[in-house]
Amino acid sequence: MNKPFAITLDVGSSLANKTGSWRTERPVYRDLLPPCNHACPAGENIQAWLYEAEEGGEGYERAWRKLMEDNPFPAIMGRVCYHPCETACNRAELDSAVGINSVERFLGDEAITQGWTVTADAAASGKRVLVVGAGPSGLSAAYHLARLGHDVTVRDAEEHSGGMMRYGIPRYRLPREILDAEVSRILSLGVTLELGVKVDDVLGAMHGEGFDAVFLAVGAHIGKRAYVPAGEAARILDAVTVLHSMEGEEQPLLGRRVAVYGGGNTAMDVARTARRLGATDAVVVYRRTRDRMPAHDFEVEEAEEEGVRLKWLSTVKRAEPGLLTIERMELDETGFPQPTGELEELEADALVLALGQESDLALLDDVPGIEVSDGVVQVGRNLMTGHPGIFAGGDMVPAERTVTVAVGHGKKAARYIDAWLRAGVYEPPPKHGLAELEALNTWYYADAPRSLQPTLELARRSSTFEEVVSGLDETTALFEARRCLSCGNCFDCDNCFGVCPDNSVIKLEGRDREAAGRGYAFDYDFCKGCGICAAECPCGAIEMVPETV
């Protein structure tokens, strides 16, 4: 039978007089993975940059720089990301989730206003990388590769950079001056951008021009079509073409009555764009019910506020000039829509199909080893295709098609490409356990209602392309950052130091603090293992573990 530690000591030992010698459990500091970090497709260390932002003042720049370690587009992402981090936020169980996305936007906008820049501190590697596509994934990869010391060239067939951030997201959600500012910052690292250059021969470009690796980031710029019986003069367009044409000199002519067929965010964007172009009636036709609609709730709510109508359980049967025939649907026991035979007519000058997008993969036709399945390129966990040195990410690989996911792919690919160029292997660091709400002592957190972002007055929203949602001011951004619970990670609250009855919690300073990675340590000679510190830690950063001899 194992005896307690103190019983194994000689009575005359000096250790026998120390109160910690009778301990059966000891407290240890731990780091857990915050749920917001875990949910972020871009792999941001959200809690770390919120911690810096909580200080305000100079802390904003430190927060921005911490954020920029993972994501080169904070001002963009603060506008277009669907913030899964907030869905995962533990604070939502107390009052409401921390407005992570709005604080990120504040930091991104502040960086543009203040002219903050980043540098490529790594030594030049002498390696050259070609990035095909100047969208979120390609530009993210270029940013991280440049900071790792590589010579990067980005080529894109369009006249302007940004990919689907420019050609798929309307200006009222993402002002183009914000997009241009964050792209310019990437180019300032020495990245070469070649626009209006279509890459048709990947191997020719790679080997003929001396590139050591290629990252393919071709966006989904081709709208999916569906067969709709139509009269000769019926006007049928696809959503991708409509949104793309908004960046040209001439805006698309949709008419006064516009029907949009589809249920995703792109369908909402097209309907809202049609209203701004002068449509008196914009209606979204969707064959399922609202709860099965892939569009995000806030997109649907904003569309309805702007006068967009939604027609559920409906499908387009035929299109004639100025008129659509609609069939009513009903859901079967599996939730799949079935026709009912009930028809009605809907007046519409144009029908816009918003049924999804595909990537143009013709540039891969003659590349050996690359496998294409269901319209996407198959890649390994390192995002390398079946051809050595050719990597791919973003819309052209199997994944959710969002800007945030694409940015995350760019960062991930850059790290694997860097390792491949240096004849090494990149292994992602192991992740800590997840910080569940049960690990926190929420008694210490006061109620703090979320700060709401102001929106443009409704009368102007449906008639202009001004940005609909405004950012937080400094006061509200600071308040919102301070709502973070710091789940699973010490934030120097001094609670353990204050509640310890044995004064066995030591405050660390200078190099000791730096070495420990936190501001406290335990003096186990005097810690009796009472567990008060663990019980009273607000963020769950202390756990009790069995004592060992």
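Work out Dmax and Rg for region 226-355 from the C-alpha atoms and quote the Rg first, both in angstrom.
Over region 226-355's Cα set, Rg and Dmax evaluate to 14.1, 49 Å.
Would you mind pulling out the separation of the Cα centroids of region 361-395 and region 96-116, in Å?
Value for the Cα centre distance between the two parts: 35 Å.
Can you give the local net charge around Ser504? Use residues other than it whose beta-carbon is closer than 11 angstrom to its beta-carbon, Lys and Arg +1, Asp and Glu -1.
Summing Lys and Arg as +1 and Asp and Glu as -1 gives +1.
Compare the Cα positions of Ala279, Thr289, Ala350 along the charge dipole of region 226-355 (+1 at Cβ of Lys, Arg; -1 at Cβ of Asp, Glu; about the Cα centre) and return the one farthest towards the positive end.
Final value for the positive-end residue is Ala350.
With +1 on the Cβ of every Lys and Arg and -1 on the Cβ of every Asp and Glu, and nothing else charged, how large is the dipole of region 369-527 about its Cα centre, in debye rounded to the nearest 20?
540 debye
Would you order Met77, Met68, Met396 from fewest to most other beta-carbon atoms within 10 Å of each residue's own beta-carbon?
Met68, Met77, Met396
If I model a spin label at Glu320 and Arg482 as a point 7 Å from the Cα along the Cα→Cβ vector, what separation in nanometres do I get?
Taking the simple label geometry, Glu320 and Arg482 are separated by 6.6 nm.
Pull out a ≥ b ≥ c, the square roots of the eigenvalues of the alpha-carbon gyration tensor of region 39-157, then state rounded if a/c is under 1.5, prolate if not and a/b is larger than b/c, and oblate in the remaining case.
prolate
Would you list Trp49, Trp443 from fewest to most Cβ contacts within 10 Å?
Ranked by crowding around the Cβ, least crowded first: Trp443, Trp49.
What is the magnitude of the charge dipole of region 91-219 about its Cα centre, with +1 placed on the Cβ of each Lys and Arg, -1 on the Cβ of each Asp and Glu, and no other charges, expressed in debye to the nearest 20?
Using only the charged Cβ atoms, the result is roughly 60 debye.
Once you sort the root eigenvalues of the Cα gyration tensor of region 316-460 as a ≥ b ≥ c, which label holds: rounded (a/c under 1.5), prolate (a/b larger than b/c) or oblate (the other case)?
Oblate, since a/c reaches 1.5 and b/c is not below a/b.
For a quick check: with amide H placed at 1.01 Å from N, whose amide H comes under 5 Å from Ala230's, ignoring anything fewer than 5 positions away on the same chain?
Ala319
Arrange the following residues from fewest to most other Cβ atoms within 10 Å of their Cβ: Arg482, Arg225, Arg288.
Listing Arg482, Arg225, Arg288 from fewest to most nearby Cβ atoms yields Arg225, Arg482, Arg288.
Classify region 355-407 as rounded, prolate or oblate from the Cα gyration tensor: take a ≥ b ≥ c as the square roots of its eigenvalues, call it rounded if a/c is under 1.5, otherwise prolate when a/b beats b/c and oblate if not.
Oblate is the answer for region 355-407, as a/c is 1.5 or above yet b/c matches or exceeds a/b.
Given just the C-alpha atoms of the chain, how large is their convex hull per residue in cubic angstrom?
203 Å³
In this model, which of Lys198/Lys412; Lys66/Lys127; Lys66/Lys411 are farther than 21 Å apart at the alpha-carbon?
Lys198/Lys412; Lys66/Lys127
Measuring from centroid to centroid over Cα atoms, what is the spacing of region 274-295 and region 438-474 in Å?
With region 274-295 and region 438-474 each reduced to a Cα centre, they are spaced 25 Å.
Per the helix-only calculation at 222 nm, which mean residue ellipticity applies to the chain, given -39500 (n - 2.57) for every DSSP H run of n ≥ 4 and division by its residues, nearest 500 deg cm²/dmol?
-8000 deg cm²/dmol
With contacts defined as alpha carbon pairs under 8 Å and 6 or more residues apart, what's the relative contact order of the chain in percent?
21 percent
How far, in nm, would the chain grow between Glu159 and Tyr426 when pulled straight, counting 0.36 nm per residue and subtracting the alpha carbon separation?
Contour length minus the Cα-Cα distance gives 92.6 nm.
When DSSP beta bridges are limited to those with both residues in the chain, what percentage is antiparallel, rounded to the nearest 5?
For the chain, the DSSP antiparallel bridge percentage is about 45.
Every read-out reported here was derived from the displayed coordinates using simple, explicitly stated rules and does not represent laboratory data. Treat the numbers as computed from the prediction; the structure is a model and nothing was measured. Cβ: placed from backbone, ideal geometry, glycine included. Neighbour counts: every protein chain shown.
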